[in-house]
There are 2 protein chains.
Amino acid sequence: MNTDFREKLQEKGLKVTPQRVAIFEAILKLNNHPTAEDIIAFIKTNHPNISVGTVYKVLDTFVENNLLKKVKTEKDSMRYDPHVANHHHLYCYETERIDDYEDEKLNELISNHFKTHKIKNFKIQDIKLQITGKFNNQ
Amino acid sequence: MNTDFREKLQEKGLKVTPQRVAIFEAILKLNNHPTAEDIIAFIKTNHPNISVGTVYKVLDTFVENNLLKKVKTEKDSMRYDPHVANHHHLYCYETERIDDYEDEKLNELISNHFKTHKIKNFKIQDIKLQITGKFNNQ
DNA sequence: TTATGCAAAGATAATCATTCTTATTTAGGA
DNA sequence: TCCTAAATAAGAATGATTATCTTTGCATAA
């Protein structure tokens, strides 16, 4: 998977740097749509000299190249998702947890609905559900 | 409608102040889910002495008392919606425009879907669609 | 081998939205 | 009218993010 990631960088004409690898690995390991801050804290142990600006710049580069997605939240800090295929999110209203949610049947249902119920003066590109609620422990 | 708003404030035990009235009127007039900045700019003409901190505090008070909703965006500034009943949003990917979208049939469709397709370990409280796309001019 | 070019990273200052602090003012009931 | 809690003003502080400017690393050409 590491090699996989390196290949993706190269496909996009991006250099494979230790910082980029470390940041991507951090996101995979952190695993709950981390903030830039989470990532910085995580990397600090192995890469104490990594610069905050670099993290933000690398994250932007990844988003531009579709290696990451930004996740909308109510709060002020952006979160990142290594899962770039189309999917929805479950937001917990008590904790900061955000889970991915995939549901092909639901997608079809919605897409069929809009085939027969066009929104006037609007061309749909993408539909995402924000499902707010509460996780049963664990 | 002005009297209406004053009554709402009083019902909640909130004082009716010129600032609160001005801020609420601004949001109604601005009419595209304004940011705090939009509101401040708008009010400046009639209330040159209104304080930035006041605007933020009043907005928070309104949100707490369900006179406004916050709207999630990809950007860093929060936007506000005087339409507090449950509804979805249309986001333009080219401009900052956000429109409300109501669709009772769609809500039923989705709600029925989740009756038969429970999400494991998650209790749904609310579902909102972020429909991204492009408005045809106008 | 050495020079050149350029993307990437480091350091840190700057920005921008938002929040906080403290003093002052005001709305609305007694 | 007076009183008091609630609300506002002013502006400093915070925190996330962006910008700037310099340096580094590495590939390619001379």
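The values are calculated or read from the model by the stated rules, or taken from the named source; none is laboratory data. The structure presented is a predicted model; accordingly, all values stated were derived computationally and were not measured. Neighbour counts are summed over all protein chains in view; Cβ atoms, including those assigned to glycine, are modelled from backbone coordinates with ideal geometry. In case anyone asks, the SASA skips ligands and DNA or RNA and just uses the protein heavy atoms, side chains included. Shrake-Rupley method; radii C 1.70, N 1.55, O 1.52, S 1.80 Å.
If you go through the stretch B:38-49 and keep only what is within 12 Å of DNA strand C (Cβ to nearest atom) and either at pLDDT 95 or above or among the small types (Gly, Ala, Ser) (or both), you end up with B:Asp38, B:Ile39, B:Ile40, B:Ala41.
Residues that are within 13 Å of DNA strand C (Cβ to nearest atom) and basic (Lys, Arg) within the stretch B:1-36 comprise B:Arg6, B:Lys8, B:Lys12, B:Lys15, B:Arg20, listed in sequence order. Exactly one residue among B:Leu28, B:Leu59 is within 14 Å of chain A (Cβ to nearest Cβ), under 23 Å from B:Tyr101 (Cα atoms) and more than 7 Å from DNA strand D (Cβ to nearest atom), and that residue is B:Leu59. Condition check: touching a Phe, Trp or Tyr at 6+ places or on another chain (Cβ under 9 Å), away from DNA strand D (no atom under 16 Å from the Cβ) and in a loop (DSSP other than H, G, I, E, B). Does A:Ile131 satisfy that? Considered against the rule, which asks whether it is touching a Phe, Trp or Tyr at 6+ places or on another chain (Cβ under 9 Å), away from DNA strand D (no atom under 16 Å from the Cβ) and in a loop (DSSP other than H, G, I, E, B), A:Ile131 comes out as no. Would you point out the residue of the stretch A:67-103, among those that are among the hydroxyl-bearing types (Ser, Thr, Tyr) and facing chain B (nearest Cβ under 10 Å), that is farthest from A:Ala26 (Cα to Cα)? Restricting to residues being among the hydroxyl-bearing types (Ser, Thr, Tyr) and facing chain B (nearest Cβ under 10 Å), the top hit is A:Tyr93. How about the stretch A:120-137: which of its residues are facing another protein chain (nearest Cβ under 7 Å) and over 18 Å from the mean Cα position of the chain (by Cα)? Result: A:Asn121, A:Phe122, A:Lys123, A:Ile124, A:Gln125, A:Gly133, A:Lys134, A:Phe135, A:Asn136. Taken over the stretch A:104-118, the residue count meeting the criterion of being more than 7 Å from chain B (Cβ to nearest Cβ) and open to solvent by less than 60 Å² (accessible area, probe 1.4 Å) is 4. Among the residues making up the stretch B:57-66, those that are closer than 27 Å to A:His89 by Cβ and either in contact with a Phe, Trp or Tyr (Cβ under 9 Å, 6 or more places away or on another chain) or within 8 Å of DNA strand C (Cβ to nearest atom) (or both) are B:Leu59, B:Asp60, B:Phe62, B:Val63.
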